[in-house]
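See below for the structure under consideration.
The values are calculated or read from the model by the stated rules, or taken from the named source; none is laboratory data. Values in this document were obtained by computation on a predicted structure and should not be read as measured data. Positions of Cβ are backbone-derived with ideal geometry, glycine not excepted, and every protein chain shown enters the neighbour counts.
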Amino acid sequence: MKIAIIGAGNLGVSIARGILHSGGATSMYLTRRNLSAIRELEAYGNVTLTSDNREAVAAADILIFAVQPGHFGPILESIKDLLHENHVVISTITGFGIERIESILGADRHIIRAMPNTAISVGRSMTCLCANEKGGKRLELASAIFNRMGHTMVIPENRMQAATVICASGIAFWMRLIRATTQGAIQLGFDAREAQELAMHTCHGAAELLIESGSHPEEEIDRVTTPMGCTIEGLNEMEHQGLSSSLIRGVVASFDKISQIRKG
Ligand SMILES: NC(=O)C1=CN([C@@H]2O[C@H](COP(=O)(O)OP(=O)(O)OC[C@H]3O[C@@H](n4cnc5c(N)ncnc54)[C@H](O)[C@@H]3O)[C@@H](O)[C@H]2O)C=CC1
Ligand SMILES: O=C(O)[C@@H]1CCC=N1
């Protein structure tokens with residue numbers, strides 16, 4: 001597969017690393033304006049770095065766009081004459097709908113929106129996908145690409161903003177929970193490195209337990225909470241302090257902000 005990533009910033013580089021580590025591309029073009037920060041990626045051999053988006057589009061079949069929303073329209077305008085029947089356009093751009101992409105490229109293009117997260121660089125992204133009518137025929141291909149770097153779910157486009165909050169911003173929310181648990185562990189006597197190790201692996205185990213067992217979180221909580229024991233004491237104190245409520249409110253605030261950005 002010949003893949004171009006247009007906009008090799010935080011997310012674009014994470015996607016590139018994920019694809020390169022999983023052996024998912026025969027050749028890869030990475031574009032950005034200042035290439036000095038990504039020179040190390042040339043070590044992979046099959047990677048070409050360029051500031052010329054047109055060169056990358058002409059050389060690839062699968063085009064993954066990971067630029068800031070304000071740059072996306074002008075970039076699409078600048079490359080649209082190069083697009084052919086086989087090109088698959090995959091956009092990771094937040095709040096830039098399929099209709100808007102079609103208004104620039106035309107509806108007769110394979111257009112897919114993907115919402116991955118930065119864990120894609122370690123093969124653990126939760127990636128949501130949707131497509132225009134034509135792109136529907138390439139959803140299997142897109143799922144195959146992103147399944148190599150984690151887990152995918154095909155969703156209707158009207159859920160993409162919610163998916164951005166839960167999956168893309170979600171990485172930051174979980175990081176903050178891991179950091180807070182780490183701080184608690186330090187207060188209980190572990191050094192900082194040990195504390196983070198304990199927090200990370202416990203978090204990892206909790207997620208794996210649900211994925212493998214298919215259980216509801218409360219079922220697993222019931223297995224841990226000894227009556228009158230320390231777990232329920234801790235959980236109830238967290239809830240008195242608003243743990244679930246603050247997480248739900250944070251998710252909704254994040255969603256409201258995306259909706260505002262989209263309107264603006
Ligand atoms: N960072 C994240 O976790 C996620 C980001 N997104 C979306 O992905 C997009 C990119 O986000 P980030 O990687 O965080 O932004 P970023 O600012 O780190 O990366 C954008 C890159 O595009 C490059 N660029 C700007 N103009 C260009 C042009 N004309 N041609 C080629 N490259 C150009 C910039 O130099 C920069 O390296 C955004 O639209 C964001 O909403 C979506 C999901 C997760
Ligand atoms: O914070 C943001 O707005 C972008 C979208 C999801 C992740 N980063």
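Annotation: residue 45 fulfils all but one of (1) within 16 Å of ligand 1 (Cβ to nearest atom); (2) free of Cβ contacts under 8 Å to residues at least 12 places away in the same chain; the unmet one is (1). The number of residues in the stretch 58-71 being under 19 Å from residue 88 (Cβ atoms) and out of contact with any Lys or Arg (no Cβ under 9 Å at 6 or more places or on another chain) comes to 5.
Quick check on the stretch 88-106: of everything there that is more than 14 Å from ligand 1 (Cβ to nearest atom) and in contact with a Lys or Arg (Cβ under 7 Å, 6 or more places away or on another chain), which residue is nearest to residue 158 (Cα to Cα)? So, considering only residues that are more than 14 Å from ligand 1 (Cβ to nearest atom) and in contact with a Lys or Arg (Cβ under 7 Å, 6 or more places away or on another chain), the one nearest to residue 158 (Cα to Cα) is 98.
In the stretch 88-98 there is no residue matching the filter, namely being more than 22 Å from residue 163 (Cβ to Cβ), out of contact with any Ser or Thr (no Cβ under 6 Å at 6 or more places or on another chain) and not aromatic (Phe, Trp, Tyr). Residues in the stretch 220-236 that are of a type in the set (Asp, Glu) and closer than 19 Å to residue 209 by Cα were compared, and the one that is surrounded by the most Cβ atoms within 10 Å (Cβ to Cβ) is 220.
Screening the candidates 215, 169, 254 for the property of being free of Cβ contacts under 8 Å to residues at least 12 places away in the same chain, under 25 Å from residue 153 (Cα atoms) and surrounded by 14 or more Cβ atoms within 10 Å (Cβ to Cβ) yields one hit, 215. For the stretch 130-143, the criterion of a residue being within 22 Å of the chain's Cα centre (by Cα), under 20 Å from residue 3 (Cβ atoms) and within 13 Å of ligand 2 (Cβ to nearest atom) is satisfied by no position.
Filter the stretch 106-122 for residues that are without any contact (Cβ under 8 Å) to a residue 40 or more places away in the chain and in contact with a strand residue (DSSP E or B) (Cβ under 8 Å, 6 or more places away or on another chain); which is nearest to residue 15 (Cα to Cα)? Among those that are without any contact (Cβ under 8 Å) to a residue 40 or more places away in the chain and in contact with a strand residue (DSSP E or B) (Cβ under 8 Å, 6 or more places away or on another chain), it is 112. Annotation: of all residues in the stretch 5-16 being assigned to a helix (DSSP H, G or I) and aliphatic (A, V, I, L, M), the one that is nearest to ligand 1 (Cβ to nearest atom) is 11. When you check residue 173 against the structure, is it within 16 Å of ligand 2 (Cβ to nearest atom), aromatic (Phe, Trp, Tyr) and not assigned by TED's automatic domain parsing to the domain that holds residue 200, yes or no? It is false that residue 173 is within 16 Å of ligand 2 (Cβ to nearest atom), aromatic (Phe, Trp, Tyr) and not assigned by TED's automatic domain parsing to the domain that holds residue 200. The number of residues in the stretch 62-87 that are away from ligand 1 (no atom under 15 Å from the Cβ), over 16 Å from residue 15 (Cα atoms) and surrounded by 14 or more Cβ atoms within 10 Å (Cβ to Cβ) comes to 2.
Among the conditions (1) over 28 Å from residue 86 (Cβ atoms); (2) of a type outside the set (Gly, Ala, Ser); (3) within 16 Å of ligand 2 (Cβ to nearest atom), the only one that residue 155 does not satisfy is (1).
Quick one: in the stretch 172-208, of everything that is under 17 Å from residue 125 (Cα atoms) and within 16 Å of ligand 1 (Cβ to nearest atom), which residue is surrounded by the fewest Cβ atoms within 10 Å (Cβ to Cβ)? Among those that are under 17 Å from residue 125 (Cα atoms) and within 16 Å of ligand 1 (Cβ to nearest atom), it is 172.
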